[in-house]
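Undergrad: For reference, the structure I am asking about is given below.
The values are calculated or read from the model by the stated rules, or taken from the named source; none is laboratory data. As the structure is a prediction and not an experimental result, all values here were calculated from the model. Because the Cβ atoms are built from the backbone with ideal geometry, glycine has one as well, and the counts that use them run over all protein chains shown.
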Amino acid sequence: MRVRDMSQPSSNEPATAVALWLVVLMLGLIGLSLVAVTGPMSALLGSGAGVVHGALHGTVAGLFMVTSTIGLFQAYRIFAGRVWNLAELQIGSVINAAMALLTILSGNWIYIPYRATGGPRSHFLQVAPEVHKVFFEFKEFAALFSFPLAVVAAYLLVRYGGELHERRGLGTVISALLVLVFFYFVVTFGLGAAITKLKPV
């Protein structure tokens, strides 16, 4: 019986990784369709002025939560030297970077109703300015770190991924980048979730 050397990538890895991500995408679309068809939109979105902004940002941030968590697991696998499917890591890291960008873009879009007259910004500046400074000003800039970190991790995996077994330091750097992406995401996601409880847009 032949046992494949797990340290060497197989020839069908790219196709397997693409198929895996397509299955995840299809499951997500099916779930989203079921929610959209069965749930009243007014109950799903709410009645505020920025409900569409908030729903889009929440959805994208939820997807980024999934990809950054997978990225954290990838970081562990890379650091431990357990890279069995390089194409899966490469495609996953590119998707993670794309979700970081979409989360930041949708977050900037939701900032429009936040800063509008009579919006949450005006409320917090009058009632509790520290909430605005920490929950939004700090969060806004901390969130921006996730995208360049994810892009660098994806670039290193795509460009130099084949050298992970020979260059131990490369794997350590990529692992650290993916952990930092997760860290900045968790901090900003937690602050964003908290602010919606205090004063939704």
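Undergrad: Might you check whether a residue that is assigned to a helix (DSSP H, G or I), surrounded by 15 or more Cβ atoms within 10 Å (Cβ to Cβ) and at pLDDT below 85 occurs anywhere in the stretch 175-186?
TA: no
Undergrad: Against the conditions (1) assigned to a helix (DSSP H, G or I); (2) modelled with pLDDT under 85; (3) surrounded by 13 or more Cβ atoms within 10 Å (Cβ to Cβ), where does Ile78 fall short? Just the number, please.
TA: (2)
Undergrad: Here are the criteria: (1) in contact with a Leu (Cβ under 8 Å, 6 or more places away or on another chain); (2) under 17 Å from Thr69 (Cα atoms); (3) of a type in the set (A, V, I, L, M, F, W, C). Tell me which single one Val186 does not satisfy.
TA: Among (1) in contact with a Leu (Cβ under 8 Å, 6 or more places away or on another chain); (2) under 17 Å from Thr69 (Cα atoms); (3) of a type in the set (A, V, I, L, M, F, W, C), the lone unmet condition for Val186 is (1).
Undergrad: Which one of these is in a helix (DSSP H, G or I) and over 20 Å from Leu25 (Cα atoms): Gly118, Gly161, Gly71?
TA: Result: Gly161 is the single residue among Gly118, Gly161, Gly71 that is in a helix (DSSP H, G or I) and over 20 Å from Leu25 (Cα atoms).
Undergrad: Answer yes or no: is there a residue in the stretch 105-115 that is without any contact (Cβ under 8 Å) to a residue 40 or more places away in the chain, over 19 Å from Val186 (Cβ atoms), in contact with a Lys or Arg (Cβ under 8 Å, 6 or more places away or on another chain) and in a helix (DSSP H, G or I).
TA: yes
Undergrad: Which condition from (1) loosely packed, with under 15 Cβ neighbours inside 10 Å; (2) on the phi < 0 side of the Ramachandran plot; (3) at pLDDT below 85 is the one that Thr172 breaks?
TA: If we test Thr172 against (1) loosely packed, with under 15 Cβ neighbours inside 10 Å; (2) on the phi < 0 side of the Ramachandran plot; (3) at pLDDT below 85, just (3) comes out false.
Undergrad: Can you list residue pairs whose Cβ atoms sit under 7 Å apart, with the first residue in the stretch 175-192 being over 15 Å from Phe73 (Cα atoms) and the second being outside any helix (DSSP H, G or I) and at pLDDT 90 or above? Count only pairs 6 or more apart in sequence or on different chains.
TA: Taking only residues 6 or more apart or on different chains, the pairs are Tyr184/Phe145.
Undergrad: Quick check on Leu170: is it assigned to a helix (DSSP H, G or I), in contact (Cβ under 8 Å) with a residue 24 or more places away in the chain and either among the aliphatic types (A, V, I, L, M) or farther than 30 Å from Leu22 by Cβ (or both)?
TA: Taking the combined requirement at face value, the residue does not satisfy it.
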